[in-house]
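A.B. asks: Okay, handing you the structure first.
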Amino acid sequence: MANILIVEDEKNMQNIISEYMRRGGHTCFTADDGVDALMLLKNNPMDLMILDIMMPHLDGFSVCKMAREMSGLPIIMLTAKSDEEDKLKGYEYGADDYMTKPFSPKVLLAKANALLRRTAAFPADMLNDTLNPTISAGKITINPTAHKVFLGGTEITLTHKEYELLYFFMSNPEQIFSREQLLNRIWGYDFEGNTRTVDTHIKTLRQKLGSEGKSIVTLIRSGYKFEVAK
């Protein structure tokens with residue numbers, strides 16, 4: 001069904017994850033360290049990456065950051081730490097979800113499948129005008145069919161979740177959404193994180209949008225909205 005890159009230096013854990021992903025019908029590629037992972041990602045089309053944080057040569061945070069410069073594929077990070085700051089750091093670098101060790105491989109497979117479904121379905125289920133396949137506001141243009149974002153005519157690279165947030169905002173201009181609503185809509189009801197995840201992703205999205213980032217307006221005690229410049 002999907003090509004999944006599993007980046008885990010502990011062989012036993014790598015084999016367990018691979019076995020469950022294959023049971024789910026997926027094709028698995030494996031890497032023992034971050035350097036090999038980036039080479040595999042560069043040379044093979046991947047649909048999702050399962051990425052351990054603690055690895056030799058390059059840690060998971062570095063791999064995540066570099067992978068984001070190459071691809072917008074969903075990333076699930078694996079960590080032995082449950083510290084919230086580590087998770088927020090991962091989200092800031094572009095991770096889509098987390099699993100804290102020890103974890104159930106069945107739950108990891110369920111999370112992977114859910115992310116893959118949302119990745120595949122998102123452009124189609126929110127494309128409400130097939131006669132006009134682009135959405136524009138200010139200098140921002142989204143082509144949902146190609147899953148691309150342009151800023152002043154130049155393509156910019158967003159993570160999957162950043163893209164989903166921007167598309168959702170631009171599809172619903174001037175509407176106010178609470179952090180809880182955004183968390184449920186973009187990450188899903190089964191997401192284990194909290195609303196700080198929304199703030200972190202919006203922060204990085206604004207940075208990538210440059211001066212156009214001001215269109216995403218923070219409303220104290222209410223949430224966020226996308227404000228169309230008059």
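A.B. asks: Pick from the range 102-157 the residues that are at pLDDT 80 or above and of a type in the set (D, E, K, R): which of them is surrounded by the most Cβ atoms within 10 Å (Cβ to Cβ)?
C.D. replies: Lys111
A.B. asks: Which count do you get for residues in the range 1-19 that are open to solvent by less than 70 Å² (accessible area, probe 1.4 Å) and over 23 Å from Met70 (Cα atoms)?
C.D. replies: 5
Every residue, every condition in (1) out of contact with any Gly (no Cβ under 8 Å at 6 or more places or on another chain); (2) over 20 Å from Ser71 (Cα atoms); (3) touching a residue at least 40 places away in the same chain (Cβ under 8 Å), yes or no:
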site: Val149; (1), (2), (3): yes, no, no
site: His160; (1), (2), (3): no, no, yes
site: Tyr163; (1), (2), (3): no, no, yes
site: Ser171; (1), (2), (3): yes, yes, yes
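Here's the yes/no breakdown for (1) open to solvent by 40 Å² or more (accessible area, probe 1.4 Å); (2) in contact with a Phe, Trp or Tyr (Cβ under 6 Å, 6 or more places away or on another chain); (3) touching a residue at least 40 places away in the same chain (Cβ under 8 Å):
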site	(1), (2), (3)
Met21	no, no, yes
Lys42	yes, no, no
Pro45	yes, no, yes
Gly60	no, no, yes
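A.B. asks: To continue, here is another question. When you scan the range 219-226, do you find a residue that is at pLDDT below 90 and open to solvent by less than 60 Å² (accessible area, probe 1.4 Å), even just one?
C.D. replies: Yes: the range 219-226 contains one or more residues that are at pLDDT below 90 and open to solvent by less than 60 Å² (accessible area, probe 1.4 Å).
The values are calculated or read from the model by the stated rules, or taken from the named source; none is laboratory data. Bear in mind the structure is a predicted one, so any value in this text is a computation, not a measurement. Reconstructed Cβ throughout: ideal geometry from the backbone, glycine too, with neighbour counts over all protein chains shown. The area values use the complete protein model at the heavy-atom level, side chains included, leaving out ligands, DNA and RNA. Shrake-Rupley method; radii C 1.70, N 1.55, O 1.52, S 1.80 Å.
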